[in-house]
């Protein structure tokens, strides 16, 4: 059994041909689709001639459709489409976006695009930005931008906002710090001679301190020796005698004086008696 068969199209079949065309199709396609729907038949010269008028009318319709598609392609270039969809906190959609949804959204904007004209190169199952290819004919196509947004604020968006706020605050602090540093440099730069004199004065003072340091140490050492000598003399000096302190030499003298007085008293008493 032949795998393909030649048929004469009695009606225009999209993607296959217009009425009056003789096409080569697979046997299964012809038997299951074209022949049961009276879209094609076995070709013959008489049938081709009888379909000549109908074919001419179909060609005019095809030319008009071509003009419409050309205009539509020009309008579609740069179109931005936005869809709001339900999703979880991670941005995954609860249902993927289909060609029918995109076709409906474009028709609402005034662009007559059929679902078959839309080519999806990947499944759209989460929020984000996508590029959609629209192919109206083999040589007529356009790209549109699709933005899928969530129907509520996501946790990821809140984290991103917080991070953006933190980065902006850090950038502001850094800018203020740089401005302060530039201001300080400008102030010091206004008086370079004074700053240079101050540096030279500090260097001279440091040099004098280094030069005078041995002399100061020597003077401090001599003062310490002199103080130590003064304290030593005081410790070995004889203690001054006081009036209250008893004298060892006065005791015999007092005894002799008492003896003389007693002797004189005895002599006086004897003279009186005689």
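Bear in mind these aren't lab numbers, they're just calculated from the coordinates by the rules spelled out. Quantities reported herein were computed from a predicted structural model and do not represent experimental measurements. Every residue, glycine among them, receives a Cβ derived from its backbone with ideal geometry; neighbour counts consider all protein chains shown.
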For q values of 0.20 Å⁻¹, compute log₁₀ I(q)/I(0) with the Debye formula on a Cα-only model of the stretch 4-71, without solvent. -0.78
13, 19 arranged by Cβ crowding within 10 Å, fewest neighbours leading: 13, 19
Tell me the label-point distance for the pair residue 14, residue 37, using the 7 Å Cα-to-Cβ offset, in nm and rounded to one decimal. 1.0
Could you work out how far apart the two model spin labels at residue 216 and residue 108 are, taking each label as a point 7 Å from the Cα in the direction of the beta carbon, and quote it in nm? 8.9
How long are the semi-axes of the equivalent ellipsoid of the stretch 74-152, defined as square roots of 5 times the Cα gyration tensor eigenvalues? Whole Å, largest first. 23, 12, 11
